[in-house]
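Everything on this sheet refers to the single structure shown next.
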Amino acid sequence: MKKPHAFIWLIMILLAGCEVFKPVQSPARSSSSSSKQNTPFLEDIVVASNPDSKPAPQKEDLPPIKDDYRSAIQFNTGMSVGDATMEQFRYSILLNTEVEYLSNKELYRLIHAWWGTPYKIGGMTQRGVDCSAFVQTVMAGSYELALPRTAKEQKQVAATVERSDLREGDLVFFNTRGGVSHVGIYLHNNKFVHASTSGGVTISDLDEAYWAKRYFGAGRVTQ
C-alpha cells in the first residue's frame with residue numbers, strides 16, 4: 001500500500017515542478033517605453049543653424065517708400081532683392097527706399113568706402129576730401145563720367161533738371177558762400193550724398209532747413 005502513495009506523491013511533485021521551474025519571461029519592451037527612455041537625450045540635442053546661411057530679405061520687410069516718390073520715378077531696374085549687396089541694403093534703410101531702386105552697386109560701394117571721410121578744402125584722398133573732389137571721384141567710378149574739378153565747373157557741364165525730376169546720379173548744387181559753392185550727388189527719396197564741412201562724407205536731406213535755404217538747382221551729366 002505504500003508504493004501507490006509514493007507514486008502519487010511523485011506525480012504531484014512533477015506537476016508542481018512544471019510551474020516552479022517554468023522560465024519567467026520578462027514583458028516585451030514596447031516602442032513607446034523605448035522612446036520615453038530616449039526622450040531626454042533627444043530633447044538635449046540642439047540643431048544649430050548655419051551662421052552663414054541667412055534668409056533672403058523679403059520685399060515686404062523693407063521700409064515703406066513715399067507714395068509721391070514712388071509715382072515720380074519708374075520702378076524698372078531689373079534687379080531683384082536677392083542680387084543686392086550689403087551696401088545696398090544698408091543704404092536702402094538709410095534712404096527709406098526699397099532696395100530694388102538702388103541698382104547701381106558700384107555707386108553704393110564707393111559711398112560706403114568714402115563714408116565719414118573728413119572734409120578738407122582742396123583734398124582729394126580718404127584722408128580728407130572736399131565736395132567737388134568727392135563728386136568727381138564717385139561719378140567717375142560709378143558712372144564713368146569725367147567731371148571738372150570745381151562745383152562751379154561741374155554745374156556748367158550739367159543739363160538743368162527740375163527738382164521734381166531728380167533721379168539717382170544727378171548733381172545738386174548749393175550757394176553756401178556766394179554763387180555755386182557746394183555740390184552733392186542725388187540718391188533717392190530727397191536724399192543726397194556729399195562731403196560736408198561739418199560731418200565729412202555723409203547723407204543729408206534737401207528739406208533740411210540749412211540745405212533748403214541754400215539750394216541752387218540740379219543738373220544731369222550724360223557724357
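Rule-based calculations on the coordinates, nothing more; no lab input. The shown structure was predicted, so the numbers you read here are calculated from the model rather than taken from an experiment. Note that each Cβ is placed from the backbone with ideal geometry, even for glycine, and that neighbours are counted across all protein chains shown.
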Spin-label zone in the range 141-172 - amide nitrogen under 15 Å from a point set 7 Å from the Cα of residue 106 along the C-beta vector: 141-147, 169
Long-range amide H partners of residue 176 with built H, under 5 Å: 181, 182
Fraction of antiparallel bridges per DSSP, the range 60-220 only, in percent to nearest 5: 95
P(r) histogram, all alpha-carbon pairs of the range 60-220 included - 10 Å bins from 0, percent: 11, 42, 37, 10, 0
Neighbour-count ranking [beta-carbon atoms within 10 angstrom, fewest first] of 134, 89: 89, 134
Percentage, to the nearest whole number, of Cα pairs in the range 118-205 over 19 Å apart: 32
Amide H contacts of residue 117 (H built 1.01 Å from N, under 5 Å, at least 5 apart or other chain): 201
